[in-house]
Amino acid sequence: MSGQWQEQVSLKPYNTFGIDVAARYFTDVHNDVEVRQALADAKHRQVPVLVIGGGSNLLLTADVQALVMRMASRGVRILADDGQRVIVEAEAGEPWHPFVQWSLAQGLAGLENLSLIPGTVGAAPMQNIGAYGVEIKDVFAGLTALDRQTGELREFTLEECQFAYRDSVFKQHPGRWLILRVRFALSHVMQAHLDYGPVRQRLSEQGIGQPTAQNVSDAICSIRREKLPDPVELGNAGSFFKNPVVAAVLADRIRLQYPGLVAYPQADGQVKLAAGWLIEQAGWKGHREGDAGVHRLQSLVLVNYGQASGLQLHQLAQKIQADILERFDVRLEMEPNLY
Ligand code: EPU
């Protein structure tokens, strides 16, 4: 029923940047029936729809003249367990980190490196979330999405999702697919991924030689808490830019001037650069313009010190992009969706 829509709702609590714009209409949807009903009502009333999860990958630059539909479906279940591999399904509205914690409490490994990422289960495949050497594609076992063009449900396999670095078929076709529930292939036995950055070192500092999945999760939580601001305390959307992938010749050219360049060779011969490092070298770390700023410990994270508008944050981002292009000939692409 369209009567359940709220009008002129502040979106401040619903985006992790804490930006105070209003939604013309707002509704929570808890299951497939409510999703379909809200979409049908919106179509009938000719109101556009913006679907959100945890609002952790969103930069709102103006009031939203649409129905903001927040995925609030809950539920987690084990679908299959052959003694080794366990298929777990979670509803789109499940908050991500509590879901990771639930899986660890069941003794299931696979999601430990993805601990403490803000957002929801349904948003995770959109940009193939990743951290500390693991991406969702590595533990993915399928998902169910609603085709907003036809109203039909569709199952997606790993290949069909076209996952790539912070990318998927869902991101490539904005507004087409609404992810309803996601399945993960977890395991009773952990296959540890400890090679990214400080993970192994953190564990050995703690005297842990044979870590459990819970140990790895704890180590990653502690590393993240040291560098990444908690959105509850300081508005942010995690990494604001993707790490750029550039031609090896360009990386070599930059290295001539900056021998400390942080670069990761890719399978295709290109090189992924640490955007945070480039931004820091360019002098932006800790920079602040009004309430919009670059985090003082992680330059890849833009922060809202309180009253920044989305436009102010976007302007700061554009200045950084222009400077990095001029200095390094590298184009930085925004990670959050701009509205
Ligand atoms: N670095 C700097 N200065 C900075 C920031 C980073 O020199 O201000 C250097 C670090 O010292 C390190 C390298 O850059 O040598 C990489 O830094 P870090 O390990 O912090 O990771 P990142 O590349 O900045 C990516 C993801 C994060 C993810 C971490 C860990 C992207 C866009 N970001 O960040 O994801 O948590 O790796 O895997 O790929 C997110 O997407 O929101 C996110 C937080």
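Brief remarks follow.
- Long-range neighbours under 8 Å by Cβ, at least six apart or interchain, first residue more than 6 Å from the ligand (Cβ to nearest atom) and part of a strand (DSSP E or B) within segment 237-250, second open to solvent by 30 Å² or more (accessible area, probe 1.4 Å) and of a type in the set (Ser, Thr, Tyr): Val245/Tyr165
- Among the residues listed as Gly276, Gly306, the single one being within 11 Å of the ligand (Cβ to nearest atom), open to solvent by 10 Å² or more (accessible area, probe 1.4 Å), under 23 Å from the mean Cα position of the chain (by Cα) and not acidic (Asp, Glu): Gly276
- Residue match in segment 220-242 (condition: more than 27 Å from Trp284 (Cα to Cα) and out of contact with any helix residue (DSSP H, G or I) (no Cβ under 7 Å at 6 or more places or on another chain)): no
- Ala92 vs. criteria of a type outside the set (Val, Ile, Thr) and surrounded by fewer than 22 Cβ atoms within 10 Å (Cβ to Cβ): no
- Extreme residue, nearest to Gly290 (Cα to Cα), among residues of segment 234-248 that are small (Gly, Ala, Ser) and surrounded by 20 or more Cβ atoms within 10 Å (Cβ to Cβ): Gly235
- When Ser239 is tested against (1) under 25 Å from Leu59 (Cα atoms); (2) of a type in the set (S, T, N, Q); (3) modelled with pLDDT under 95, exactly one condition is not met: (3).
- Scan of segment 1-55 for residues that are part of a helix (DSSP H, G or I) and of a type in the set (Gly, Ala, Ser), ordered by number: Ser2, Gly3, Ala38, Ala40, Ala42
- Being farther than 27 Å from Leu311 by Cβ, surrounded by fewer than 23 Cβ atoms within 10 Å (Cβ to Cβ) and modelled with pLDDT under 95 holds for only one residue in Gln84, Gln37, and it is Gln84.
- Residue under evaluation Glu333, criteria (1) in contact (Cβ under 8 Å) with a residue 24 or more places away in the chain; (2) surrounded by fewer than 17 Cβ atoms within 10 Å (Cβ to Cβ); (3) more than 15 Å from the ligand (Cβ to nearest atom); (4) under 27 Å from Met126 (Cα atoms), criterion not met: (3)
- As a summary of the residue check, Glu326 satisfies the conditions (1) more than 25 Å from Glu233 (Cβ to Cβ); (2) open to solvent by less than 40 Å² (accessible area, probe 1.4 Å); (3) away from the ligand (no atom under 11 Å from the Cβ) except for the one numbered (2).
The values are calculated or read from the model by the stated rules, or taken from the named source; none is laboratory data. Keep in mind it's a predicted model, so treat the numbers as computed, not measured. Cβ coordinates were reconstructed from backbone atoms using ideal geometry, including for glycine residues, and neighbour counts include every protein chain displayed. The area values use the complete protein model at the heavy-atom level, side chains included, leaving out ligands, DNA and RNA. Shrake-Rupley method; radii C 1.70, N 1.55, O 1.52, S 1.80 Å.
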